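Working notes for the structure below.
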Amino acid sequence: MKIILTLIALFGISSAAVVDEYLETLAKEAKVQDPAFKGFSVKRGEDIFTSKHIGKKGKEISCVSCHGDDLSKAGKNFFTAKEIEPLSPKANPQRFSEIKTIEKWLKRNFIDVYNREGTIEEKGDVVTYIINR
């Protein structure tokens, strides 16, 4: 049991480091694009996450449509009804364990909701919002 708890603790630290690295990379890119960039915002991330748009398939959708209001609980895909594991890394440490996976799902979900890829700032804001929930 002690070994399992140690592995879980180490995995959580690893996930936090991955998210920190990802946000640091995005912040550098944002600063290059806009020298006035001051950092990512939980509030802007919340606005992006909760606002509704006509997404793919012409349906009104938001990130909440699939992930729900409580990110520590499982959600359900709006289009397929397939269960989605909790988005919160506090409830699901595997959620932010690889940068490649973070980028894949951000791209896919922005296209689903906004019909476009998210900007650097939007991605950073959304990830900041999620990890602070």
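Some notes on this structure:
- For the range 39-52, 3J(HN,Hα) computed residue by residue from phi via the Karplus equation (6.51, -1.76, 1.60; θ = phi - 60°) reads x, 7, 10, 4, 5, 4, x, 4, 4, 5, 5, 9, 6, 9 Hz, glycine and proline entered as x.
- Derived value for the range 53-133: Kirkwood hydrodynamic radius 12.9 Å. Basis is the mean of 1/r over every pair of different alpha-carbon atoms.
- Between Asn115 and Lys90, the modelled labels are 3.6 nm apart [label points 7 Å from Cα along Cα→Cβ].
- Dipole magnitude of the chain, debye to nearest 20 (Cβ charges: Lys/Arg +1, Asp/Glu -1, about Cα centre): 340
- Additional length obtainable on full extension of the chain from Asn132 to Lys76, 0.36 nm per residue less Cα span: 18.0 nm
- Trypsin sites (Lys or Arg not before Pro) within the range 49-97, DSSP loop, no more than 10 other Cβ atoms inside 10 Å: Lys82
- Full-stretch length increase - Thr50, Ala16 - with 0.36 nm per residue and alpha-carbon distance subtracted: 9.9 nm
- Centroid-to-centroid separation of the range 89-104 and the range 35-69 [C-alpha atoms, Å]: 18
- Whole-Hz Karplus values for the range 96-108 come out as 10, 9, 9, 4, 4, 6, 4, 5, 4, 6, 4, 4, 4 Hz, taken residue by residue from phi with 6.51 cos²θ - 1.76 cosθ + 1.60 and θ = phi - 60°; glycine and proline positions read x.
- At the listed q of 0.15, 0.25, 0.31 Å⁻¹, the Debye profile of the range 39-92, built from one uniform point per Cα, gives log10 I(q)/I(0) equal to -0.46, -1.02, -1.17.
- Average Cα contact separation per residue, the chain, under 8 Å, 6 or more apart, as relative contact order %: 33
Values quoted throughout were computed directly from the atomic coordinates according to the rules given, and no laboratory measurement underlies them. All of these numbers come straight from a predicted model, not from anything done at the bench. We place every Cβ from the backbone using ideal geometry, glycine too, and count neighbours over all the protein chains shown.
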